[in-house]
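Here is the structure we will look at, set down as structure tokens.
The values are calculated or read from the model by the stated rules, or taken from the named source; none is laboratory data. Keep in mind that what you see is a predicted model, and the values were worked out from it rather than measured. Backbone-built Cβ (ideal geometry, glycine too); neighbour counts: all protein chains shown.
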Amino acid sequence: MRTRRKGFTLVELAIVIAILGILAVVAIPKYQGMVDEARSAAAKSQLGTVRSALAISYAKNKGVFPATLDGTIFADGAVPGVDTGSGPVIIVVAGAWSGGAWTPALTTAGGWEYDHLLGKVVINSTAIDPVAGGAAWSTY
């Protein structure tokens, strides 16, 4: 009488581990790319939200932008954060006027760069958006 085999052979286990390893090699970079794309889309969306709120405030105040970018112009009372890779940041930094033009004082701190005279707002980051093919976050 034959005894019944229990469990898997070493060869069967090795094949399963090899298949799982191949799947991991393919899936992990794809997942990272999706995370970068989501971060980029969210940052652009938040920038659009901030610019829309500034445009509404400009219209309500008869052609004057708010002096500061704070929660008073947003429906929920809070400035939206922006994530450029190190987590969401809500810092608002003022740019500088030089030679009759506004120059963003970009840092690596994240958040927003806002000019109240022009109503211009950019993402305050010198880092590169990995999805945009070498464009800096501040170019949006």
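Odds and ends about this structure:
- Selection of first residues in the range 105-119 that are at positive phi and of second residues that are in a loop (DSSP other than H, G, I, E, B) and surrounded by 18 or more Cβ atoms within 10 Å (Cβ to Cβ), restricted to Cβ pairs under 7 Å at least 6 apart or on distinct chains, gives the following pairs, ordered by first then second residue: Gly110/Thr84; Gly110/Asn124; Gly110/Ser125; Gly111/Asn124; Gly119/Phe65.
- When Lys6 is tested against (1) over 30 Å from Ile123 (Cα atoms); (2) in a helix (DSSP H, G or I), only condition (2) is not met.
- Residues within the range 61-73 that are buried (at least 17 other Cβ atoms within 10 Å of the Cβ), assigned to a loop (DSSP other than H, G, I, E, B) and hydrophobic (A, V, I, L, M, F, W, C), tallied: 2
- Number of residues in the range 83-112 that are in a strand (DSSP E or B), surrounded by 13 or more Cβ atoms within 10 Å (Cβ to Cβ) and at pLDDT below 85: the value is 7.
- Among the candidates Ala18, Ala14, Ala38, Ala24, residue that is small (Gly, Ala, Ser), under 31 Å from the mean Cα position of the chain (by Cα) and more than 30 Å from Val89 (Cα to Cα): Ala24
- Test for Asp76: is it within 25 Å of the chain's Cα centre (by Cα) and surrounded by 10 or more Cβ atoms within 10 Å (Cβ to Cβ): no
- When Tyr58, Tyr31 are checked against the criterion of being exposed (fewer than 12 other Cβ atoms within 10 Å of the Cβ), out of contact with any Cys (no Cβ under 8 Å at 6 or more places or on another chain), part of a helix (DSSP H, G or I) and not β-branched (Val, Ile, Thr), a single residue qualifies: Tyr31.
- Residue in the range 37-53 that is more than 17 Å from Tyr140 (Cα to Cα) and not small (Gly, Ala, Ser) present: no
- Residue list for the range 58-72, filter: more than 22 Å from the chain's Cα centre (by Cα), of a type in the set (Gly, Ala, Ser) and farther than 14 Å from Val121 by Cα: Ala59, Gly63
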